[in-house]
Amino acid sequence: MYNPNMGKISTVIYDLEGVVIDSEPIWTRADLLFLKNHGVSITLDEYEANIKHLLMGLVLYDGVALMKRHYGFKEDPLVLANERRGIVKSLFGEKVSFIPGFTEFHRGVRDAYTTAIATSLERYFLDPVNRRLELAELFNGNLFSVEDIGFISKPNPAIFLHVANTLNVNPQNCLVIEDAPNGVEAAKRAGMRCIALTTSSPRERLTKVDLIVDTYREIDLGKL
């Protein structure tokens, strides 16, 4: 929905996972293995209903801290975080592909707008994905990791404000494409417009956005 109080869009900021790359299945498998290691055997449906949406957008350590509180783990969070990191690394060696429709959409966007990635993925995982998919070339080097801001998790708007500040653009001129409730909240708290893709979260959890879409084909930036 167009907001006349917002400036003209000059910059499009993509979240990475679930928006540019299809890595959510890797995290799901990793978390189910991690939980099983600690005596929590839940089904995929239980994971998606009860915990997945809370983890999305959090840095790895904060996600472990959340699971520690939720399930009453006794181990030190740093130890747990390193365990979870190792599991994810072993799975991230698998081929990660682009989200369907992203390539075509971005091809039409990159010449008209400044584009960037703002991800909760630490560079330990981002760098190999970049090498495989040549993200730096697609985004003119504008790859921003939560590691750049001291691992401050969404819904804190820090990463989006960092992108705007680095690119020297007013947040009101930025549009964020997200797939997670924490990311949507971070974008809106940053004073940016936000489109939510339903690639990872159901519509009912993606509130307070300017547009909710199921696919990239539904996005018309001229109407925002």
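The values are calculated or read from the model by the stated rules, or taken from the named source; none is laboratory data. Quick caveat, the model's predicted, so the values are computed rather than measured. A quick note on method: Cβ atoms are made from the backbone with ideal geometry, for glycine too, and the neighbour counts reach across all protein chains shown. SASA here: full protein model, heavy atoms, side chains in, ligands and nucleic acids out. Shrake-Rupley method; radii C 1.70, N 1.55, O 1.52, S 1.80 Å.
With contacts taken as Cα pairs under 8 Å at a separation of at least 6 residues, segment 169-209 carries a relative contact order of 44 percent. Solvent-accessible area assigned to carbon and sulfur over segment 116-224 amounts to 45 percent, based on a 1.4 Å probe. Please compare each pair in LYS154/LYS208; LYS89/LYS188; LYS52/LYS74 to a cut-off of 23 Å on the Cα-Cα distance and tell me which ones are over it. Result: LYS89/LYS188 exceed 23 Å. For segment 4-51, the list of chymotrypsin sites (Phe, Trp or Tyr not before Pro) that fall in a loop by DSSP and count at most 11 other C-beta atoms within 10 angstrom is empty.
Here the 3J(HN,Hα) profile of segment 215-222, calculated from phi with Karplus coefficients 6.51, -1.76 and 1.60 at θ = phi - 60°, is 9, 5, 4, 8, 8, 10, 5, x Hz, Gly and Pro shown as x. Phi angles across segment 127-138 convert, under the Karplus curve 6.51 cos²θ - 1.76 cosθ + 1.60 with θ = phi - 60°, into 3J(HN,Hα) values of 4, x, 5, 4, 5, 5, 10, 6, 5, 4, 5, 5 Hz, Gly and Pro given as x.
Based on Cα contacts under 8 Å between residues 6+ apart, segment 87-217 shows a relative contact order of 19 percent. Take the chain, drop everything but the C-alpha atoms, weight them equally and run the Debye formula without solvent; then report log10 I(q)/I(0) at 0.08, 0.17 Å⁻¹ to two decimals. The Debye formula, applied to the Cα set alone, gives -0.27, -1.23. With contributions of -39500 (n - 2.57) from each DSSP H run of at least four residues, the per-residue ellipticity at 222 nm computed over the chain stands at -12000 deg cm²/dmol. Per residue, the accessible area of segment 1-81 comes to 48 Å², computed with a 1.4 Å probe over protein heavy atoms only. Please work out whether segment 105-171 counts as rounded, prolate or oblate from its C-alpha gyration tensor, where a ≥ b ≥ c are the square roots of the eigenvalues and a/c under 1.5 means rounded, while otherwise a/b larger than b/c means prolate and anything else oblate? The shape class here is oblate. Remark on TYR14: its backbone amide H falls under 5 Å from those of ALA116, ILE117, ALA118, ILE177, a criterion applied only to residues 5 or more positions apart or on other chains, H modelled at 1.01 Å from N. Among beta bridges identified by DSSP and lying wholly in the chain, the antiparallel ones come to about 5 percent.
The Cβ shell under 11 Å around ASN37 holds other residues with a net charge of -1, Lys and Arg each +1, Asp and Glu each -1.
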